[in-house]
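One structure below.
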Amino acid sequence: MTVYSVYEPADDADLDARAGKVAFVKEGIAWLALIVPILWLIYQRMWLELIAFLAIFLSLPVVFGSGPAGQEIAGWVSIGLTVLFAFEANDLRSWALRRRGFKFAGTAFGRDQVEAETRFFSRWLPEQETATQGVPAVLPVPAKAAAIVPTRPAAGDEVIGSFPRN
C-alpha cells in the first residue's frame, strides 16, 4: 500500500474547482527526484527549492576546492545530497503546497494513486456537500451566559480544599 498526503486549495469556494485542484503527495522516496532532481523540481514548479538546490550544488567546488581530492570529495557529497534530496523531496513538495495556500485535507492509501484518489474522494465529497448544505446564511448569536460568581463559605463553616467540613 502507498500512503498519500492530500492537500486542497483553501481559497476556492466552488466544490468542483477545489476537487480538481486537490494534490496527492506520496509519502516516501521520490524516485524521479533521485534520477533527475532538477527536472523533477521544474515539473513540480518548486522554484525556491530549485534555486536552493542549484546554489548548494554549484557551491560544492568552491567549498571543497578545484584539486583532484576536492573534486572527488565534492562528487561523493553531491551523490549523498542527491540521495538525501530524493528522500525529502515529497516533504518539500508538501511544504511548497502549504506555502501556496493549500491546506492539509487528510490522507489516502491504495495500491496506486488511482485507488487512493477513489478512496479519498468517496469519503471527502459527501463531507464537503453536507458541510455546505448545513451552514445557514446567518449564524445565530448565542445568548449571554449567566455570570458565575464565586461565593465564600459562611462564617462557621470550615472549608478544606473544595469540600466543607461538617
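The values are calculated or read from the model by the stated rules, or taken from the named source; none is laboratory data. Since the structure is predicted, the reported quantities are computational estimates derived from the model, not experimental observations. In this analysis, Cβ positions are derived from the backbone assuming ideal geometry, glycine residues included, and neighbour counts consider all displayed protein chains. Each accessible area value is taken on the protein alone, full model and side chains, heavy atoms only, with ligands, DNA and RNA left out. Shrake-Rupley method; radii C 1.70, N 1.55, O 1.52, S 1.80 Å.
With respect to the conditions (1) at positive phi; (2) in contact (Cβ under 8 Å) with a residue 40 or more places away in the chain, Ile29 falls short on a single one, namely (1).
I'd like to know if segment 100-117 contains one or more residues that are charged (D, E, K, R) and under 13 Å from the mean Cα position of the chain (by Cα). Break it down into steps so the answer makes sense when it comes.
Step one: list which residues in segment 100-117 are charged (D, E, K, R), which gives 100, 103, 111-112, 115, 117.
Narrowing the set further to residues that are under 13 Å from the mean Cα position of the chain (by Cα) leaves 100, 103.
Scanning segment 100-117, I find at least one residue that is charged (D, E, K, R) and under 13 Å from the mean Cα position of the chain (by Cα), so the answer is yes.
The rows are residues; the columns are (1) within 23 Å of Gln128 (Cα to Cα); (2) out of contact with any Ser or Thr (no Cβ under 8 Å at 6 or more places or on another chain); (3) aliphatic (A, V, I, L, M); (4) open to solvent by less than 30 Å² (accessible area, probe 1.4 Å).
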{"residue": "Thr2", "(1), (2), (3), (4)": "no, yes, no, no"}
{"residue": "Asp11", "(1), (2), (3), (4)": "yes, yes, no, no"}
{"residue": "Phe57", "(1), (2), (3), (4)": "no, no, no, no"}
{"residue": "Gly80", "(1), (2), (3), (4)": "no, yes, no, no"}
{"residue": "Asp91", "(1), (2), (3), (4)": "no, yes, no, no"}
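Any residue that is assigned to a strand (DSSP E or B) and surrounded by 13 or more Cβ atoms within 10 Å (Cβ to Cβ) - is there at least one of those in segment 25-42? Yes, there is a match, as at least one residue in segment 25-42 is assigned to a strand (DSSP E or B) and surrounded by 13 or more Cβ atoms within 10 Å (Cβ to Cβ).
Considering only segment 50-74, state which residues are of a type outside the set (A, V, I, L, M) and in contact with a Phe, Trp or Tyr (Cβ under 9 Å, 6 or more places away or on another chain). Before you say what the answer is, go through the steps one by one.
Taking segment 50-74 first, the residues of a type outside the set (A, V, I, L, M) are 53, 57, 59, 61, 64-68, 70-72.
Across segment 50-74, the qualifying residues are Phe53, Gly70, Gln71, Glu72.
Residue count for segment 13-24 under the criterion of being assigned to a helix (DSSP H, G or I) and either open to solvent by less than 70 Å² (accessible area, probe 1.4 Å) or within 17 Å of Ala116 (Cα to Cα) (or both): the result is 6.
Filter segment 67-76 down to the residues that are aliphatic (A, V, I, L, M) and touching a helix residue (DSSP H, G or I) at 6+ places or on another chain (Cβ under 6 Å), then identify the one that is farthest from Leu32 (Cα to Cα).
Initial filter on segment 67-76 (aliphatic (A, V, I, L, M)): 69, 73-74.
Narrowing further to those that are touching a helix residue (DSSP H, G or I) at 6+ places or on another chain (Cβ under 6 Å): 73-74.
On the way: Ile73: 24, Ala74: 22 Å.
Out of the qualifying residues, it is Ile73.
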